[in-house]
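The values are calculated or read from the model by the stated rules, or taken from the named source; none is laboratory data. Bear in mind that the values here come from a model prediction, so they are computed numbers and not experimental data. Glycine also receives a Cβ, built like all others from the backbone with ideal geometry; neighbour counts cover every protein chain displayed.
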Amino acid sequence: MKLYYTPGACSQAPHIAVNELGLSVDSVKVDLATHKLPDGTDFYKVNPKGYIPLLELDDGTTISEANVILQYLADQKPGTLAPKFGTIERWKLMEMLSFVSTEVHKGYAALWNPQTPADVRKAAVDKLGTRFDLLAKTLASQPYLTGREFSVADAYLFVLLNWTKIHKIDLAPWPALQEFQARVAARPAVQATLKAEGLLK
């Protein structure tokens, strides 16, 4: 398999999952500014959507969308980073992945555009804050999003919370989120991923 990624982007979540699971996956760095691969290939020829992550299977089949890739990877070793299909626990994980993807990940959209007016940026940050309120309430009573076990949803949220540093969003109002960040960051597979992406010495 090949995982197309960009350091620090949402593709870091499946990169973490790969390391947590000990899967043999080739990582291919994508320059999102130029949409070029290390060999000069136009990334749009690999993924017409033009964004990462993208997982390419050994038979050439590709899978996109972070929350889908995360589940595919987890199911390579069933019951590890995701509960088995058919269980209510799996549906709850899918519910959490959907929330993280649509309400948190997409909540940053306006913040990435330097042309976004200040009032729109503030509204986006405020809305993210309401999402952080809900997540912090969950994480105040348990170490991970779906309970006591680390899952692919936690990998995804960890990456998105790291974006608060880029956008100068103070997480002090949500100590449970800060504690969660530290807890996930301490995991050996997460440390290995950050090093592999050149984000940790």
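Just one of the numbered conditions (1) over 23 Å from residue 94 (Cβ atoms); (2) modelled with pLDDT of 95 or more is not true of residue 136: (1).
The rows are residues; the columns are (1) part of a loop (DSSP other than H, G, I, E, B); (2) under 13 Å from residue 18 (Cα atoms); (3) touching a Ser or Thr at 6+ places or on another chain (Cβ under 6 Å).
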position	(1), (2), (3)
52	yes, no, yes
55	no, yes, no
63	no, no, no
71	no, yes, no
77	yes, yes, no
83	yes, no, no
100	no, no, no
109	no, no, no
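Taking (1) loosely packed, with under 13 Cβ neighbours inside 10 Å; (2) under 19 Å from residue 100 (Cβ atoms); (3) not aliphatic (A, V, I, L, M) in turn, residue 201 satisfies each apart from (2).
Residue count for segment 138-157 satisfying the condition of being surrounded by 21 or more Cβ atoms within 10 Å (Cβ to Cβ), touching a residue at least 40 places away in the same chain (Cβ under 8 Å) and of a type outside the set (Val, Ile, Thr): 8. If you go through segment 1-51 and pick out every residue that is of a type in the set (Phe, Trp, Tyr) and in contact (Cβ under 8 Å) with a residue 24 or more places away in the chain, you end up with 3.
Just checking, how many residues over segment 154-180 are within 13 Å of the chain's Cα centre (by Cα) and either of a type outside the set (Gly, Ala, Ser) or within 16 Å of residue 107 (Cβ to Cβ) (or both)? The total comes to 9.
Here residue 144 does not fit the description of being closer than 18 Å to residue 11 by Cα, touching a Phe, Trp or Tyr at 6+ places or on another chain (Cβ under 7 Å), in the same structural domain as residue 182 (by TED's automatic domain parsing) and not small (Gly, Ala, Ser).
Restricting attention to segment 1-26, the residues that are among the acidic types (Asp, Glu) and either surrounded by fewer than 21 Cβ atoms within 10 Å (Cβ to Cβ) or at positive phi (or both) add up to 1. If the condition is being surrounded by fewer than 17 Cβ atoms within 10 Å (Cβ to Cβ) and touching a residue at least 24 places away in the same chain (Cβ under 8 Å), then segment 52-64 contributes 57, 58.
Could you list, in sequence order, the residues of segment 158-192 that are surrounded by 16 or more Cβ atoms within 10 Å (Cβ to Cβ) and of a type in the set (Gly, Ala, Ser)? If the condition is that a residue be surrounded by 16 or more Cβ atoms within 10 Å (Cβ to Cβ) and of a type in the set (Gly, Ala, Ser), then 176, 189, 192 are the ones that fit. Taken over segment 122-137, the criterion of being surrounded by 18 or more Cβ atoms within 10 Å (Cβ to Cβ) and either within 11 Å of residue 177 (Cα to Cα) or in contact with an Asp or Glu (Cβ under 6 Å, 6 or more places away or on another chain) (or both) is satisfied by 132, 135, 136.
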